[in-house]
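The values are calculated or read from the model by the stated rules, or taken from the named source; none is laboratory data. Please read these numbers as outputs of a predicted model, since none were measured by experiment. So basically every Cβ, Gly included, is an ideal-geometry build from the backbone, and we count neighbours across all protein chains shown. SASA here: full protein model, heavy atoms, side chains in, ligands and nucleic acids out. Shrake-Rupley method; radii C 1.70, N 1.55, O 1.52, S 1.80 Å.
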Amino acid sequence: MELYQKLISSIEKRIGVALITLTRINLHDSNLDSQLMEVTVGTKLLVFSGGNVFCEKELAMEEWQPLLEHARISLAQQKSNTYVSHIKSCEIEYFVDVYPQPLHVIVAGAGHVAKPLVEMGKKLGLSITVICDRPQFANFEQFPWADEVVCSPYTEYFRNLDITDNPYILLLTRGHQFDVAILREILQLPVPYIGMIGSRRRISGVFSQLHEDFPNIGFQNIYAPIGLDIGAQTPEEIAISVLAEILKVKNQKSGKSLNEEIHHYIVNRQVAHE
């Protein structure tokens with residue numbers, strides 16, 4: 001029971017964890033040490049993203065390194081898989097079930113786009129924090145889908161931001177002065193994505209102000225205007241556009257229509273047969 005409690009706790013705390021379950025054991029030598037002989041089908045181990053390992057049975061972990069290494073690989077790839085390894089004269093098959101750390105998205109601002117974005121993002125499995133400086137908006141009544149809602153001045157929150165989980169940051173504030181204040185705090189942080197909503201004029205003004213403060217820093221990780229070009233107009237459409245761009249960056253994909261590649265392949269085949 002303790003193993004499952006640790007598994008549930010890790011998921012709730014957004015800690016990546018892999019569950020190893022032994023599914024088949026073939027013993028080729030009856031003279032194996034007693035500890036290995038006691039291992040049975042169904043034995044489970046937890047491997048945490050930080051490197052720690054937990055098992056309810058006492059095991060010599062140095063002998064189980066092949067299993068642990070496969071679990072770490074599966075965690076890194078965020079993909080469950082079945083493996084076979086040999087420990088001494090024992091062949092072991094095991095399934096690695098991955099519970100990856102969910103992507104953490106921080107939404108600065110609690111306006112009309114933030115609401116559908118938070119709801120849709122949660123359905124995608126994202127872990128979402130909403131930060132706003134207005135208490136009438138920064139609460140769980142407004143954002144029941146959020147994992148965390150913070151009411152705080154933007155500068156104070158982002159000045160003390162913990163980025164150990166590589167958060168994606170969305171600037172959906174009500175004015176460019178808030179965007180500038182936030183960006184001054186996070187521009188030099190190694191975060192993978194900063195998205196900023198706004199008109200071209202607003203974005204140009206923000207970049208002009210930032211350039212005065214940071215003349216030698218590029219804005220490569222700032223996506224502005226935020227979202228993919230799908231002609232989004234309504235808050236819900238804009239939310240879809242933004243979430244699609246987040247997935248594009250996370251998965252390192254082009255964001256192009258799948259039809260383009262398939263259509264190009266079909267056309268080339270037709271030409272080749274003419």
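Criterion first (surrounded by 13 or more Cβ atoms within 10 Å (Cβ to Cβ), closer than 17 Å to ILE106 by Cβ and at pLDDT 95 or above) does VAL242 satisfy it?
yes
Would you mind telling me which numbered condition in (1) open to solvent by 40 Å² or more (accessible area, probe 1.4 Å); (2) on the phi > 0 side of the Ramachandran plot; (3) touching a helix residue (DSSP H, G or I) at 6+ places or on another chain (Cβ under 8 Å) GLU63 fails?
Among (1) open to solvent by 40 Å² or more (accessible area, probe 1.4 Å); (2) on the phi > 0 side of the Ramachandran plot; (3) touching a helix residue (DSSP H, G or I) at 6+ places or on another chain (Cβ under 8 Å), GLU63 violates only (2).
Suppose the filter is under 20 Å from the mean Cα position of the chain (by Cα) and modelled with pLDDT of 95 or more; does VAL113 pass it?
no
Considering only region 87-102, state which residues are buried (at least 17 other Cβ atoms within 10 Å of the Cβ) and among the hydrophobic types (A, V, I, L, M, F, W, C).
Those that are buried (at least 17 other Cβ atoms within 10 Å of the Cβ) and among the hydrophobic types (A, V, I, L, M, F, W, C): ILE87, CYS90, ILE92, VAL96, VAL98.
For residues that are outside any loop (DSSP other than H, G, I, E, B) and open to solvent by 60 Å² or more (accessible area, probe 1.4 Å), tally how many sit in region 114-166.
Total meeting the criteria: 8.
Mind checking whether some residue in region 186-205 is buried (at least 20 other Cβ atoms within 10 Å of the Cβ), among the aliphatic types (A, V, I, L, M) and part of a helix (DSSP H, G or I)?
yes
What number of residues within region 66-81 are polar (S, T, N, Q), in a helix (DSSP H, G or I) and surrounded by fewer than 18 Cβ atoms within 10 Å (Cβ to Cβ)?
Selection size over region 66-81: 1.
Which residues, counting only those in region 100-155, are β-branched (Val, Ile, Thr) and in contact (Cβ under 8 Å) with a residue 40 or more places away in the chain?
VAL105, ILE106, VAL107, VAL113, listed by residue number.
So ILE182 ticks every box in (1) modelled with pLDDT of 95 or more; (2) surrounded by fewer than 17 Cβ atoms within 10 Å (Cβ to Cβ) but one. Which box is left unticked?
ILE182 satisfies every listed condition except (2).
Going by the structure shown, is ILE92 within 28 Å of GLN78 (Cα to Cα) and either touching a Cys at 6+ places or on another chain (Cβ under 8 Å) or at pLDDT 95 or above (or both)?
No.
Count, please, the residues in region 29-57 that happen to be at pLDDT below 80 and part of a loop (DSSP other than H, G, I, E, B).
Keep residues of region 29-57 that are at pLDDT below 80, which gives 29-39.
Applying the additional criterion that residues be part of a loop (DSSP other than H, G, I, E, B) yields 29-33, 38-39.
Counting residues in region 29-57 that are at pLDDT below 80 and part of a loop (DSSP other than H, G, I, E, B) gives 7.
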